[in-house]
Amino acid sequence: MTINLSISPRRTPAPPPGTIGIGQPEPVASPAFRENAKRQLQNTQMRKNLRHATTTIRNKRLLRVAEVPNWEEVRSAGAALKDRIGRHLDKYLAQAEENLTKAGAHVHWARDAEEANRIITGIVKSKGVDEVVKIKSMVTQEIEMNEALEAAGIAAWETDLAELIVQLGHDRPSHILVPAIHRNREEVREIFNKEMGQYGTPPPDKMSNDPPILAGAARRHLREKFLRAKVGISGSNMVICDTGTVCIVESEGNGRMCLTLPETLISVVGVEKVIPTFDDLEVFMKLLPRSSTAERMNPYTSMWTGTTDGDGPQELHVVFVDNGRTNALADPEGRSALRCIRCSACMNICPIFERVGGHAYGSVYPGPIGIILTPQMRGINSAIDKSLPYASTLCCACADACPVKIPIPDIIVHLRNKIADKKKHDMHPHLEPTVMVPVNWMFNSAKHFEFVQKAVSFAAGTALKNTDYLGPMPWPASPWTRARDIPAPPAESFRQWWKKNRGGRR
Amino acid sequence: MPPTVEFCPRFLTNRKIDLSLFLWSDQKSSDRSCSSLGEDAKLILKGVMALPVPAKGLRVALFATCINDLMFPSTPKAVVKLLERLGCIVDFPTEQTCCGQMFTNTGYFDAGLASVKTYVKAFEPYEYIVGPSGSCVGAIRHQSVMLAEKAGDTALAAKAAKCVEHSYDLSEFLVDVLGLVDVGAFFPHKVTYHPTCHSTRIAKVGERPYQLLRAVRGLDLIELPDASTCCGFGGTFSIKNPEVSAAMAADKARNVVSTGAEYVVTGDNACLMNIGGVLHRNNTGVRPIHLAEILAHQEGDAA
Ligand code: SF4
């Protein structure tokens, strides 16, 4: 980790270098998924932690979902609602602004990460403070708000336990719901012992790695920050258009503290998070907890409509952020990715995520949703973004799990098509489209296929005679045969056998 | 051409009486089982017993799939043997090549479309198109119309839609169309079944392969731990992300070995090639076999 010492000292622990946010001015420097994944696969501890965590939550989710007799109908309702919101987003956003403003909130609009960060930093600075407390929020990670605030001399303190572990560990979240899923309790103990004292209340002496003890240390560490903070920053799960209400769903209660103690509250909201009416909450409150934490109901649901004199924050800002969402909305085949309610069920069930973890994706949104959302929001230009849609076997487990029925595999295939088209029309030649030409020729007519079969049979009958399986082979077979043998082709294809044995018949 | 169906066993399944046993056992054992049935069932049986084979004269077009045609001919041969044994007349329309998914799923829609064209050309006249692959049949079902529509070829889309209606994975054809669970197979071995992703989640063959396997005489079906997890093949995924693919295949192979089975069986040879390749590399002695080959196997056949 490198910290630039030439500028004023940092207020908060520095994350690792590089950016994984969306809409940053610099192109993303992350290498392609394959290289990232290769490195992560070697992390035995992480794989063990992930396997344990995802298996547990997967099984629990199945139990909770099975309890809802009309689960499929609720899923369809969620999908239909989200599609309607997308179709009339202009109308709903205007209505949300009107009712939020009526209730006393200040509404801001940000086209991209830079604008959003400028607005947020401006509000915090106008309060004359140099620190804020934060609720776990995906959109603030997406716009890399913490680093933007840090650059302005403002410390953003994460208050969600897992986010605190990540922040103190100079680390990045690896999961949208359980950001420290790649850490085990011993690692957490080490991080707390090493870092906590440098940024506030230290942990107790000789702290054990017992989860309640670790949570107690975090609670004490955070308490002074909660009590001191004048500004709180949140995301939002839903903004209800007809009432102008903001809603947050959480598990730990740290959110409730951030929402009630500070004088000023800033809620940063992706434009797709609006829902038409208060009644529509029902659908999402049924889908979200069961799909994400596999609970019947999450412990804390907070809703606030404007401000109330003498109670809670006296100033409320809502910052609506586009940051590439309308790019996705413009694509008829890709737009259903915007239905996402960030439950994380797709990544918990994903066999690839389970093995490589969230960091391999080089994006704040990892796993199946990440590989369809990030390239739509960020574009398909950088090495990592071009590689993301290929980080799937199309096993379709995610589509079955998704509570809002996003056809993730179909969107993956659609994005691969976009990338393939781009490769074909690129100035410099690519290997893949070149390889595809003869392979396509082989299959675009039965005559061609038969011709290839004859060549293969010849090889099988001569060079490969007496061979059942082929072992490690040079490129281009090396990626396949490094790990597994490949059966030798037979001396007679089925077609040849058919001709011989059923000749004359079709 | 209209199929020459002399007897449609679909009605048997409607009666919720499993008569498949009688269809497939020899006369002696049928007589024995007959005595335990009610009068109603006996009446139905009377008609059935008159027929030597359940699917007599039913014309079926075999969709071999490209990988089987080229690499695993024993699988389509087994389908021919099985379906002919059941009384079907099997055609192999030679215009066929591939379902196109390897192109489509890599993003090359135009090349995928070329394969869809060969599929329609080969199978358009048929009422029953049967392929020993949930993945390839699934791809036809899920993607062929989309590809034609995307290319603006509405005539092809309509033809593809018709083909989709008549395309079956082998397990679906046996259970749903022929109404059979017991196909008269004999396979005295310990096997474990891996439900391939596309067969379960796209073609949605469900319990059918398990039903078919459970009815095979002599077969000991052992449950595969973590069965529903992908084996890591994923077509071009295994080349674009070989390390992750290998990690997944290794986990799958480990689970297969843990069952103590002699054979790992699937309804898709591509996945089987992946799992079997790891099993072979590691000298585990567990052999890969396609479902069709088990179902075609009978007493007296070579092991
Ligand atoms: S894509 Fe679906 S399953 Fe994945 S996080 Fe979003 S809502 Fe949940």
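Computing Rg and the Kirkwood Rh from the Cα coordinates of region A:224-310 gives a ratio, Rg/Rh, of 0.98. Which shape class applies to region B:169-221: rounded if a/c is under 1.5, otherwise prolate when a/b exceeds b/c and oblate if not, where a ≥ b ≥ c are the square roots of the Cα gyration tensor eigenvalues? Oblate is the answer for region B:169-221, as a/c is 1.5 or above yet b/c matches or exceeds a/b.
For region A:249-353, count all C-alpha to C-alpha pairs, find those more than 17 Å apart, and express that count as a whole percent of the total.
Numbers: 3604 of 5460 pairs.
Tail of P(r) above 17 Å: 66 percent of Cα pairs.
Across region B:258-303, counting alpha-carbon atoms alone, Rg and Dmax equal 11.2, 31 Å. For chain A, the relative contact order is 19 percent, taking Cα pairs closer than 8 Å that sit 6 or more residues apart in sequence and dividing their mean separation by the residue count.
Based on DSSP H assignment, which helices of chain A show an axial Cα extent of at least 18 Å together with a mean Kyte-Doolittle hydropathy greater than or equal to -1.0?
On the way: long enough: A:44-66 (33 Å, -0.92); A:71-87 (24 Å, -0.74); A:89-102 (19 Å, -0.88); A:113-126 (19 Å, 0.04); A:211-228 (26 Å, -0.45); A:408-425 (26 Å, -0.60); A:431-443 (19 Å, 0.86); A:446-461 (22 Å, 0.30).
Answer set is A:44-66, A:71-87, A:89-102, A:113-126, A:211-228, A:408-425, A:431-443, A:446-461.
Between B:ASP301 and A:THR467, the modelled label-to-label distance comes to 2.9 nm, taking each label 7 Å out from Cα in the direction of the beta carbon. For A:ILE275, the residues whose amide H sits under 5 Å from its own are A:VAL239, A:ILE240, A:CYS241, ignoring neighbours fewer than 5 places away on the same chain, with H placed 1.01 Å from N. Once backbone amide H atoms are built at 1.01 Å from N, B:SER133 has B:LEU170 as its partners under 5 Å, excluding neighbours fewer than 5 places away on the same chain. Can you give the accessible area of A:HIS108 in Å² (nearest 10), computed on protein heavy atoms with a 1.4 Å probe? Its heavy atoms expose roughly 40 Å² to the probe. Gap in Å between the Cα centre of region A:156-187 and the Cα centre of region A:399-449? With region A:399-449 and region A:156-187 each reduced to a Cα centre, they are spaced 37 Å. Inter-chain neighbour count for A:324-337: the average number of beta-carbon atoms from partner chains within 10 Å of each residue's beta-carbon is 0.
Kirkwood hydrodynamic radius, computed over distinct alpha-carbon pairs, for region B:59-174: how many Å, to one decimal?
Details: mean 1/r = 0.0718 Å⁻¹.
In region B:59-174 this quantity evaluates to 13.9 Å.
Taking the alpha carbon gyration tensor of the protein assembly as shown, multiplying each eigenvalue by 5 and rooting it gives semi-axes of 54, 28, 26 Å, largest first. Structural descriptor for region A:373-441: relative contact order 21 percent, calculated from alpha carbon pairs under 8 angstrom and at least 6 residues apart. Per residue of A:436-443, other chain Cβ atoms within 10 Å of the residue Cβ number 5 on average.
Quick one: grab the alpha carbon gyration tensor of region A:33-321, order the square roots of its eigenvalues as a ≥ b ≥ c, and give me rounded if a/c is under 1.5, else prolate or oblate depending on whether a/b is larger than b/c. In terms of gyration-tensor shape, oblate.
Any number yet on Rg/Rh for region A:431-502, C-alpha, Kirkwood? Present the calculation step by step, with values, prior to reporting the outcome.
Values: Rg = 14.2 Å, Rh = 13.8 Å.
Rg/Rh for region A:431-502 comes to 1.02.
Would you please give the FRET efficiency between A:ARG118 and A:PHE278, computed as 1/(1 + (r/R0)^6) with r the Cβ-Cβ distance and R0 = 35 Å, to the nearest 0.05?
Details: r = 32 Å, r/R0 = 0.93.
That gives a FRET efficiency of 0.60.
How high is the relative contact order of region A:229-272, in percent, counting Cα pairs under 8 Å that sit 6 or more residues apart?
Working: 54 pairs, mean separation 23.9, N = 44.
Relative contact order for region A:229-272 comes out at 54 percent.
At 20 °C and 1.002 mPa s, what whole-number value in µm²/s does Stokes-Einstein give for the translational diffusion of region B:190-296, with Rh from the Kirkwood sum over Cα pairs? Using the Kirkwood radius from Cα pairs, D works out to 156 µm²/s. Annotation for A:THR44 and A:ASP426: the two label points, set 7 Å from Cα along the Cα-Cβ direction, are 3.8 nm apart. Spatial offset of region A:53-108 relative to region A:456-499 amounts to 51 Å, using the alpha carbon center of each. Remark on A:HIS108: its backbone amide H falls under 5 Å from those of A:VAL318, A:VAL319, A:PHE320, a criterion applied only to residues 5 or more positions apart or on other chains, H modelled at 1.01 Å from N.
Extending 7 Å from the Cα toward the beta-carbon at both A:ASP205 and A:ARG87 defines two label points whose distance is 6.8 nm. For the residues of A:237-247, the average number of beta carbons from a partner chain within 10 Å of their own beta carbon is 0.
The values are calculated or read from the model by the stated rules, or taken from the named source; none is laboratory data. As the structure is a computational prediction, the values presented were derived from the model and not from experiment. FYI the Cβ positions are ideal-geometry reconstructions off the backbone, even for glycines, and counts take in every protein chain you see. Side chains included, ligands, DNA and RNA excluded: accessible areas come from the protein's heavy atoms. Shrake-Rupley method; radii C 1.70, N 1.55, O 1.52, S 1.80 Å.
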